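Input: a single structure, listed below in structure tokens.
A short reminder: the numbers here are calculations on the coordinates, not readings from a lab. Predicted model only: the values in this text are computed from it and were never measured. Counting neighbours? That spans all protein chains shown, and the Cβs are built from the backbone with ideal geometry, glycine included.
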Amino acid sequence: TGIDVTGTATMDGLTVDGNGKFSGTTPIVRLTETDTTNLNTRLAHGGGYFFVSTENDAESANTPRISLNHATGDISFYEDTGTTPKLTWDASAELLTTTGLDVTGTATMDGLAITASTTSASLSSNDLIFTRDTYDAYIRQRGTNGSITITTKDGVGEKNRISIKGNGDISFYEDTGTTPKLF
């Protein structure tokens, strides 16, 4: 009622009717393409993690692409070298974290929090920019006291519109955006 093969079994195809089982300290399933070089898929389980990796033809090197931590439920997606996870689902916090996100199209959300240190290259001036045609509107955090300035930009240049100081003072600017007129 069964076949026990010690060694390697080579066949043209395999059909499993029912359940299959792979066991060992690090069970691995390899999906090898014969028409491409070094672009094979490796499914491996070990140390409490399940990995999906790209593997070379010699089966001597693999590059992680996705990992699942069985203990926590966290799922990580790796950058192109397979060294560092760049997008992670934190199952306990129910939170998706990333070191960078570029959305093409429309993003809809219940809230938006933008945080950056003063040394962040992606948000170094702490600007939130709204763009429409050739006109921009900026909400800018200025200085170390929490001041916020709302400015607009058109084909002529940038103009201050409203300034809210860290101490609570609010200023409204005249049409040229250079002089506060209402405090």
Q. Taking the Cα-to-Cβ direction at VAL29 and at PHE130 and moving 7 Å from each Cα, how far apart do the two end points lie in nm?
A. 5.0 nm
Q) Whole-Hz Karplus ³J(HN,Hα) for segment 44-52, in order, using 6.51 cos²θ - 1.76 cosθ + 1.60 and θ = phi - 60°, x for Gly and Pro? A) 9, 10, x, x, x, 10, 10, 10, 10
Q.
For LYS153, give me every one of the lysines with a C-alpha distance below 23 angstrom, ignoring sequence neighbours fewer than eight places off in its own chain.
A. LYS165, LYS181
Q) So who's got an amide H within less than 5 Å of the one on GLU174, skipping anything under 5 residues away but keeping other chains? H placed 1.01 Å off N, in plane. A) THR179, LYS181
(Q) Apply the Karplus curve 6.51 cos²θ - 1.76 cosθ + 1.60, θ = phi - 60°, to the phi angles in segment 174-179 and return the couplings in whole Hz, x for Gly and Pro. (A) 6, 4, 7, x, 9, 10
Q: Starting from the amide H of LYS86, placed 1.01 Å from N in the peptide plane, find each other amide H under 5 Å away whose residue is 5 or more places distant or on another chain.
A: PHE77, TYR78, GLU79
**Q.** Rg and Dmax [Cα atoms of segment 3-74; Å; Rg one decimal, Dmax integer]
**A.** 14.1, 39
